[in-house]
Structures are given as structure tokens and as C-alpha cells.
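For reference, the structure is listed below as C-alpha cells.
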Amino acid sequence: MHRSQARELLKKHREGTLTDDERVILESWYLRRARSLGLEAGRENIQAHLDSLPELPAREARRAVGKWLSAAAGILIVLGAGVWYMTRPVPVAPAPVLVNDALPGDNRARLILASGKDILLDEASSGELAREGNTSIVKTDQGELVYHTAQQAAENTTPSYYNTIETPKAGQYHIRLSDGTRVWLNAASSIRFPTQFSTHQRVVDVVGEVYFEVAKATTGGRRIPFKVVSGNLEVEVLGTRFNINSYSDEGVIRTTLLEGSIQVRTPKKEIVLQPGQQARVSGGQTLKVSQVNTGQVMAWKEGYFSFDGVGLKELMRQLSRWYDMEVVYEGNTPDYEFVGQISRNTRLSGVLQILEAGGVRFRVDGKKIIVSE
């Protein structure tokens, strides 16, 4: 979108000739601009705010709008199919399919048994896939992997069998551990866990992004703690729902609590999170806590990408993992910010068309997405 087009939308608003699509774009522009300037502007009174904008000479209007666009042109992703801003759908024509298009990811993963045997879960038939000690490993008709333990572990028994589940790029998977804990793995992630937990503690190791709904477990009237380890970070819970994002290329580990309470520990510090809080641990083991939009954090599990001021490179890392593509940058690409939602079922061509509406340019060469000004 050019600067002159932005000015034209303001003109059409005053004339009452905006289309529905144009109105969403203009409202999005104003909300984003107001937030960047520290102003209060709710959806309910946005019309009054737009009406109060002064009539600027064309040259001044271009300068003002251009300044904002250079920092946040990505707001215009509301143009694309499968995208919502403020939960409002925008119907447009479907995107043309690229010659080198890529399908979205789906349910696929690799199970590595204690014996070292590999099983490709997306190719395996439903039913019992293997048996490890007292535990039966079953793939349900719905595609979930479930661990059934025939008997309770003896007191303080050390787990003997460990399994690993790995999702590739463009893959995700859902499993249920032997204690009833449910786990969702995002693309390019893994979890290592015992097929049967001890009665002393439950410990799993993760890489990438994993969401947990931890089952409560007791022995002799005592709750059995559940621990998640990722590098130098340890998260301890008793019964809760939380998400951990520990991709190595993000440079930070984010642990977000949705329900219950968890204790986040590094070698230097520990803190207890409350629902709605996120702990961020950087490479230097600095631990910071903030309130976050949990809906945006959990968007991947619900089947869509959610952006609220997300930078271009962070956004492209998400696309790289979900579409199994390499991202290459040409020239000095501005660090656009994006706001909106895109269904994870959208083809790559559709996603790129949406993003190009914000001023970024892409071309696809084989397994590479090339980003340019």
C-alpha cells in the first residue's frame, strides 16, 4: 500500500464511500497508530476519533502517514483470506498458487522407543504400536498417541524405559503420557519421557515448543511433582496448564502459565508464576516476568498464527518451521511489525500474499523464501 493510498482512505472515510475491506484497514491503521503514540482508542469510539483527525495538506498527510507506515506497515495483513483483525473476518478472493508453493504442516512425528526402534506415527495404523515394560503404546483412531500402564509403579522405582517423540518442520503431534498428562508438540520440537513415572517425581525433557495439561498424581496422600527441563531451565508444577517455547533460534525461552501455578528455576533465580504471566529466560540466564496475551501464545495449538506487534524476522521463523522452508533476506529489509491472525491451514502462497499487502516482498525458489524490500 502506497502513502497516497493511505491518504485516500481517510478521504473516502469522510465522504462515506469506504468499502468493508477498506474500513477494516483504516480502523486497524488508526488503532495501531494510536497505540504507538500512547493514546487511548477503543473500537467502540474509533469513528469519532477518525472524524476528529485534522484535514492536512496532501504533502503533510503523506509525511505523517508515511512515517507510521515505515514502522508498522504490516498491519495491512488484514487484506488476506483467512485473516481477522479484532475478530472481524475479511472475505476476499483466494490467493493464486505459486509454482513452488508449500502445503501447511500436519500431524506427523517420529517415536523413538527405548530399544532405539523408530516408528513414523503419521504412517502407523491405529492400535497398539509397541509395549515397553508394563506400558502399552497405542495410537487411537483420532491419531493421538496414548501410554497405558498396566500397574502402579513400586515406591521410588527408577524409570527403566524412556521414549522420545520428535516432530519435524511442518509437523505437530498430540500425546497422553502414562500419568494422564496431555502434551501437544509444535513443529520442530521433541519430548523425552519415561513410559512409566516413578512415585517420587515425574520429569520430562523438551526442545522447541510444547504445551502441557498436567494431570494431578498422588501417592500415600502426597502429590507427585511434575518437572519439565529445557536446557538450564526447570519448570516444576503440581497440576496446571502451561506452554513452553524453547526454540534455539529464538534466543529466549518463554514459559507461559494458563492455569494453576508453576515454579520456574534457573541456576541463578527462581520465581512462581501466576495465570497470565510469562517468564522469559535469555542466554545469560536473566529471568524476567510479564503479563501476556495467553490467546496469542496458544494460537498455534488452536490452529492459527497470531501476531500483535510481531517483528518480521520472528514471524518468518514461525513460517519457516511450519512450512519447512529456509528464509533468506536480501538488502536492508525494514523490521516491519504485523498484527492479525492467519489460519495455519493456509497454503504458503496465501500467507505470503497476505504479508505482501503490508509492503514486504517475497519470492519462492525451491525450499527458500527470499525476503526483499
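The values are calculated or read from the model by the stated rules, or taken from the named source; none is laboratory data. Everything quoted here is computed from the prediction, not taken from an experiment. Counting neighbours? That spans all protein chains shown, and the Cβs are built from the backbone with ideal geometry, glycine included.
Here are some notes:
- Verdict on GLN172 being part of a strand (DSSP E or B) and either hydroxyl-bearing (Ser, Thr, Tyr) or over 21 Å from the mean Cα position of the chain (by Cα) (or both): no
- Given (1) modelled with pLDDT of 90 or more; (2) assigned to a strand (DSSP E or B); (3) farther than 30 Å from GLY239 by Cα; (4) not small (Gly, Ala, Ser), index of the condition ASN345 fails: (2)
- Tally, over region 339-356, of residues that are within 14 Å of the chain's Cα centre (by Cα) and farther than 16 Å from ALA187 by Cα: 4
- Of all residues in region 284-323, those that are assigned to a loop (DSSP other than H, G, I, E, B), under 21 Å from TYR211 (Cβ atoms) and over 11 Å from the mean Cα position of the chain (by Cα) total 2.
Every residue, every condition in (1) exposed (fewer than 14 other Cβ atoms within 10 Å of the Cβ); (2) of a type outside the set (Val, Ile, Thr); (3) modelled with pLDDT of 85 or more, yes or no:
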site: LEU315; (1), (2), (3): no, yes, yes
site: TYR323; (1), (2), (3): no, yes, yes
site: ASN332; (1), (2), (3): yes, yes, no
site: ILE354; (1), (2), (3): no, no, no
site: VAL360; (1), (2), (3): no, no, no
site: ILE369; (1), (2), (3): no, no, yes
site: GLU373; (1), (2), (3): yes, yes, no
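- Tally of residues being surrounded by fewer than 23 Cβ atoms within 10 Å (Cβ to Cβ) and assigned to a loop (DSSP other than H, G, I, E, B) across region 198-237: 13
- The numbered conditions (1) among the aliphatic types (A, V, I, L, M); (2) in contact with a helix residue (DSSP H, G or I) (Cβ under 9 Å, 6 or more places away or on another chain); (3) in a strand (DSSP E or B) are all true for LEU355 except (3).
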